[in-house]
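Asks: Okay, handing you the structure first.
The values are calculated or read from the model by the stated rules, or taken from the named source; none is laboratory data. Computed from a predicted structure; not experimentally measured. Here the Cβ positions follow ideal geometry from the backbone for every residue, glycine too, while neighbour counts run over all protein chains shown. Protein only, heavy atoms only, side chains kept; ligands, DNA and RNA dropped before computing areas. Shrake-Rupley method; radii C 1.70, N 1.55, O 1.52, S 1.80 Å.
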2 protein chains.
Amino acid sequence: MHHEHHLKSSDTIRDIVIGMSDGLTVPFALAAGLSGASAHSGIVVTAGIAEIVAGSIAMGLGGFLAGKTESDHYASELQREYEEVERVPEQEKMEVKEVFANFGLSEKLQNEVADEMAKDKDKWVDFMMKYELGLEKPEENRARQSAITIGISYIVGGIIPLSPYFFVDDSQRALYYSCAITMVCLFVFGYFKSKVTGQPPFSGALKVLIIGALAAAAAFGMAKLINGK
Amino acid sequence: MHHEHHLKSSDTIRDIVIGMSDGLTVPFALAAGLSGASAHSGIVVTAGIAEIVAGSIAMGLGGFLAGKTESDHYASELQREYEEVERVPEQEKMEVKEVFANFGLSEKLQNEVADEMAKDKDKWVDFMMKYELGLEKPEENRARQSAITIGISYIVGGIIPLSPYFFVDDSQRALYYSCAITMVCLFVFGYFKSKVTGQPPFSGALKVLIIGALAAAAAFGMAKLINGK
């Protein structure tokens, strides 16, 4: 079967990518901004850690609730479809036919397909869920696992740009190290991210790097502006 | 057609929700954290604005690139499917049959469907894209619009918890106002978010409120801990 070759990035990788791209970018830019405002490294560390804590919780819990909402939504639509194939089977058959009419199947074939599908209610409902409503059955425990993966990835990503500020008191100097380390990490991260998602890795790495640099430069400039320096 | 009644939240609303839920939460928690570390309101404002700038760019550009990647991916898979229906039509027919076999259609009907579909290559490819690969054709200009909507929503959301720090010099006191205002906004936002996504609005509002409060409390506690107060 050739469709094994089509790319399929796993949900976990997607979660790592979500968490780490924001984790590498936002704390980096925040630290750059505060350095631009000539804050002491101590303040940068405090603000950075507060940001990482807040961001990882917000993103992790956000991911958790999104997953919960998705599975609740699936369950309620599933129940509704089961009710409908009982209550208005002819209308539901019409909807099956509609799906196939869109692919230019003949009226005759549409009818045959709809009749045959109606024989097995589970498969019928399954079809309506997937092809009429476009809903896939969410994985068990997906929400919790997703929350943890996103949260941890955010923390790991965020610690990297912040680390120089732990060791270098002068925030301006720490910023140079932070830029150097983070740029390298953004590039490497972008490279692997593009690899696993089947994109051209070099240009993908550049894109990720540019977002990070732009966000940091904008935060730096804005903070300088506010502080009138 | 009853399926008009199935909920369908538009992409724009989804983007506003994405941008605003993080915008309301992360800058709020960051400001709370810095207040916990007894930073002056001036520092909180600088850090907060740096965060909002960084966050809106990171999320906005992130949304833009995600959209671009999606449409590039769609285009390349589309081309591949067109090549495959030319090069290995029998295999592609097998795949059409497989989809229908999963719904318990008879061998005979599977063959008829596959043969009829093969008559119109555009519809055939369209079918493979949607039902074999699960890819929907992305909207034109979706990426750019999504980026702008997410970015602006993040800024609007982020300004709210920060606003008291503009006017109140004592960051501890500003924090009280910020909590009051932001809690109300999180609740109202959660309420409408749940309404438009078809969730029970009251419990949805509570969930959003709890995430925000947890993130802020954690950031506050962590910042206090670092500063040993």
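Asks: Measuring from a point 7 Å out along Cα→Cβ, what nm distances, shortest first, does A:K108 have to its partners in the other copies?
Replies: Listed shortest first, these distances are 1.3 nm.
Asks: Continuing with the same structure: Can you list the residues, at least 5 places off or on another chain, whose amide H is less than 5 Å from the amide H of A:L135, using H built in the peptide plane?
Replies: For A:L135, the qualifying residues are A:K130.
Asks: Return the carbon/sulfur percentage of the accessible area of chain B, one whole number, probe 1.4 Å, all protein chains in place.
Replies: Accessible surface attributable to carbon and sulfur in chain B totals 61 percent.
Asks: Using only the alpha-carbon atoms, what does the range A:97-173 span along each of its principal axes? Please give whole angstrom values in decreasing order.
Replies: 78, 27, 10
Asks: Still on this structure: Averaged per residue, what accessible surface does the protein assembly as shown expose to a 1.4 Å probe, in Å²? Intermediate results must be reported in sequence, preceding the final value.
Replies: Working: 21340 Å² over 458 residues.
Computed with neighbouring chains in place, this is 47 Å² per residue.
Asks: Right, next: With no solvent and one point per C-alpha, what does the Debye sum give as log10 I(q)/I(0) for chain B at q = 0.10, 0.13, 0.15 Å⁻¹?
Replies: -0.64, -0.84, -0.97
Asks: Lys and Arg at +1, Asp and Glu at -1: add these up for the other residues within a Cβ distance under 14 Å of B:S76 and post the number. Show your work: numbers first, answer last.
Replies: Details: positive: B:K68, B:R80, B:K137; negative: B:E70, B:D72, B:E77, B:E81, B:E83, B:E84.
Value of the local net charge: -3.
Asks: A further question follows. Quick one: work out Rg over Rh on the C-alpha atoms of the range A:1-111, Rh as Kirkwood radius. Don't skip to the answer; put the middle values down first.
Replies: Numbers: Rg = 24.9 Å, Rh = 19.3 Å.
Rg/Rh: 1.29.
Asks: Using only protein heavy atoms and a 1.4 angstrom probe, determine the accessible area buried between B and A, summed over both sides, in Å² to the nearest 100. Display every interim value, and only then the final one.
Replies: Details: alone 13700 and 13670 Å², together 21340 Å².
The contact between A and B buries close to 6000 Å².
Asks: Taking Cα atoms of the range A:115-229, Rg/Rh with Kirkwood Rh, to two decimals? Let's see the in-between values first.
Replies: On the way: Rg = 22.9 Å, Rh = 18.3 Å.
Rg/Rh: 1.25.
Asks: Next up: Within a 10 angstrom radius of each residue's Cβ in B:79-90, how many Cβ atoms of other chains show up on average? Whole number is fine.
Replies: Details: counts 0, 3, 1, 0, 0, 2, 0, 0, 1, 1, 0, 0.
The mean count of partner-chain Cβ atoms within 10 Å per residue comes to 1.
Asks: For a paramagnetic label modelled at 7 Å from the Cα of A:E90 toward its Cβ, which residues of the range A:97-137 fall within the zone defined by backbone nitrogen distances under 17 Å?
Replies: Inside the label zone: A:97-98, A:111-112, A:114-115, A:118.
Asks: Given the options B:G19, B:G36, B:G134, which has the most mean-square fluctuation in a GNM of chain B, springs set between C-alpha atoms less than 10 angstrom apart?
Replies: Evaluated over chain B, the most mobile residue of the options is B:G134.
Asks: Roughly how many Å is it from the Cα centre of the range B:96-151 to that of the range A:162-195, as a whole number?
Replies: Here the answer is 43 Å between Cα centres.
Asks: Tell me, which residues of the range A:197-215 get at least 40 Å² less accessible area when the other protein chains come in, versus the chain alone (1.4 Å probe)?
Replies: By number: A:Q199, A:K207, A:I211.
Asks: Cα extents of the range A:166-210 along the three principal axes, largest first, in whole Å?
Replies: 42, 16, 8
Asks: Just grab the label-to-label distance for A:L225 and A:R80, each label 7 Å out from Cα along the Cβ direction, in nm (one decimal).
Replies: Result for the modelled spin labels: 4.5 nm.
Asks: Right, here's the next one. Could you work out the local net charge near A:K130, counting Lys and Arg as +1, Asp and Glu as -1, over the other residues with Cβ closer than 10 Å to its Cβ?
Replies: On the way: positive: A:K137; negative: A:D126, A:E132, A:E136.
Here the charged neighbours net out to -2.
Asks: Same structure again: Please work out, to two decimal places, the log10 of the ratio I(q)/I(0) at q = 0.11, 0.14 Å⁻¹ from a Debye calculation in which every Cα of the protein assembly as shown carries one identical scatterer.
Replies: Values, matching the q order: -0.89, -1.23.
Asks: Which distances, shortest first and in nm, link B:I159 to the matching position in the other copies, using label points set 7 Å out along Cα to C-beta?
Replies: In nanometres, ordered from closest: 3.7.
Asks: In sequence order, what are the phi-derived ³J(HN,Hα) couplings for the range B:80-92 according to the Karplus relation 6.51 cos²θ - 1.76 cosθ + 1.60 with θ = phi - 60°, rounded to whole Hz, with x for glycine and proline?
Replies: Values, residue by residue: 4, 5, 4, 5, 5, 5, 7, 7, 10, x, 5, 5, 5 Hz.
Asks: Still on this model: Of all the residues in chain B, which one has the C-beta that comes nearest the axis relating B to A, and what is the distance in Å?
Replies: Residue nearest the B-to-A axis, with distance in whole Å: B:A47, 2.
Asks: So the label point sits 7 Å from Cα along the Cα-to-Cβ vector; using that for B:S203, what distances do you get to the other copies, in nanometres, sorted shortest first?
Replies: 4.7
Asks: Determine which lysines satisfy two conditions relative to A:K121: a Cα distance under 24 Å, and not lying fewer than 8 residues away in the same chain.
Replies: Partners found: A:K93, A:K97, A:K108, A:K130, A:K137, B:K97, B:K108, B:K130.
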